[in-house]
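A short worksheet on the structure shown next.
The values are calculated or read from the model by the stated rules, or taken from the named source; none is laboratory data. Quantities reported herein were computed from a predicted structural model and do not represent experimental measurements. Neighbour counts are summed over all protein chains in view; Cβ atoms, including those assigned to glycine, are modelled from backbone coordinates with ideal geometry.
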Amino acid sequence: MTNGFLLVNKTGGMTSHDVVAKVRKRFGTKKVGHAGTLDPMATGVLVLGIGNATRLLQYVTDGRKGYQAVISLGKSTVTDDVEGEVIFKADPLKLSVISDEQIKKILEAMVGEISQRPSSVSAIKIDGKTAHQRVREGESVQLPPRDVIIYEIRVTLIERSTDSIEIHLGVECSAGTYIRAIARDLGESLGVGGHLTKLRRYLVSPFRIEESAEWESAEMMSTAAGIGKILPSRTLDMTEISEISFGRTITLNSHDGVVAALTPDGEFAGLLRNENSGGCLVATPIMVSVKE
């Protein structure tokens, strides 16, 4: 059984599921998952888990994300991006009086812990069906706001034409943040509409775009090497390996929180967490790697 992480630089036009399907065929296994969906129009880092690494994707999904994006002011679309039907078009005169300072001030106000309404074409499920499926079937979808963190918004370029303002920016944010929603909310705040035209994910912490490659040529990173970039690790002796394989506790970890357990050969063995058991602090296995 092949186990490990694959860092894919997704090209435009492919869904995340398309990439998963191709990687399943490449490695001859159905046990492949991804850490965080990228829309078909989006490019950049898509972290895949294969074999036992699929169980660790939750620790990747929860990490910090980084994007390069282009927002267009002047039109709103049903999908909040360039692929959707235009539902509003602003008067060019109103666009012409919007200053760079106004744009930057509104974006600066989005930085921090905010309540953001997800895009209506997100992968969030409503009664078993994703929001984007419902929108494409003609339903009107309004999702409730959720708390997210936007760590940074960097405006790198503002370009103007008679019927649009193009804003190039970098965004670093928490999981669950929608860059399309930033475009939508900026346009609504200015009263001219806004949508996303380009999106490239350069960071799924701790993995960066420079480490990734197209799905055909991306090289496997071992499960131990991948989880070792995310969590503190601890090498166990064979007695400890045997103990955790039966779900038994071992001596306390030197780190609080979740710790990756490795075999003497450096292979992934499981996850441990310090807990109080019978009045004693011990390391308890919360996941054990199964040989397949």
Of the residues that sit in segment 191-213 and are among the small types (Gly, Ala, Ser) and part of a strand (DSSP E or B), which one is farthest from Leu93 (Cα to Cα)? Ala213
Of the residues in segment 1-26, those that are of a type in the set (Gly, Ala, Ser), crowded, with 18+ Cβ neighbours inside 10 Å and either modelled with pLDDT of 95 or more or farther than 22 Å from Arg55 by Cβ (or both) number 1
Picking from Val82, Val111, Val70, Val45, the residue that is farther than 24 Å from Glu188 by Cα and in contact (Cβ under 8 Å) with a residue 24 or more places away in the chain would be Val45
Looking at segment 144-167, is at least one residue modelled with pLDDT under 85 and part of a loop (DSSP other than H, G, I, E, B)? yes
Report whether or not Tyr67 is closer than 20 Å to Thr177 by Cα and surrounded by fewer than 19 Cβ atoms within 10 Å (Cβ to Cβ). no
Within segment 232-256, the residues that are within 30 Å of the chain's Cα centre (by Cα) and without any contact (Cβ under 8 Å) to a residue 24 or more places away in the chain are Ser254, His255, Asp256
Yes or no: Gly33 touching a strand residue (DSSP E or B) at 6+ places or on another chain (Cβ under 8 Å) and surrounded by fewer than 21 Cβ atoms within 10 Å (Cβ to Cβ)? yes
Over segment 189-210, the set of residues hydrophobic (A, V, I, L, M, F, W, C) and farther than 30 Å from Val97 by Cβ is Leu203, Val204, Phe207, Ile209
Quick check on segment 257-292: of everything there that is under 30 Å from the mean Cα position of the chain (by Cα) and assigned to a loop (DSSP other than H, G, I, E, B), which residue is surrounded by the fewest Cβ atoms within 10 Å (Cβ to Cβ)? Lys291
Could you please let me know if Glu166 is among the acidic types (Asp, Glu) and surrounded by fewer than 16 Cβ atoms within 10 Å (Cβ to Cβ)? no
Being in the same structural domain as Arg24 (by TED's automatic domain parsing) and either surrounded by fewer than 18 Cβ atoms within 10 Å (Cβ to Cβ) or not in a loop (DSSP other than H, G, I, E, B) (or both): is that true of Glu216 here? yes
Limited to segment 1-11, what total is found for residues that are in a loop (DSSP other than H, G, I, E, B) and within 13 Å of Trp215 (Cα to Cα)? 1
For segment 70-92, how many residues are closer than 11 Å to Ser164 by Cβ and in contact with a helix residue (DSSP H, G or I) (Cβ under 7 Å, 6 or more places away or on another chain)? 3
Test: Arg180 is buried (at least 21 other Cβ atoms within 10 Å of the Cβ), among the basic types (Lys, Arg) and under 19 Å from the mean Cα position of the chain (by Cα): yes
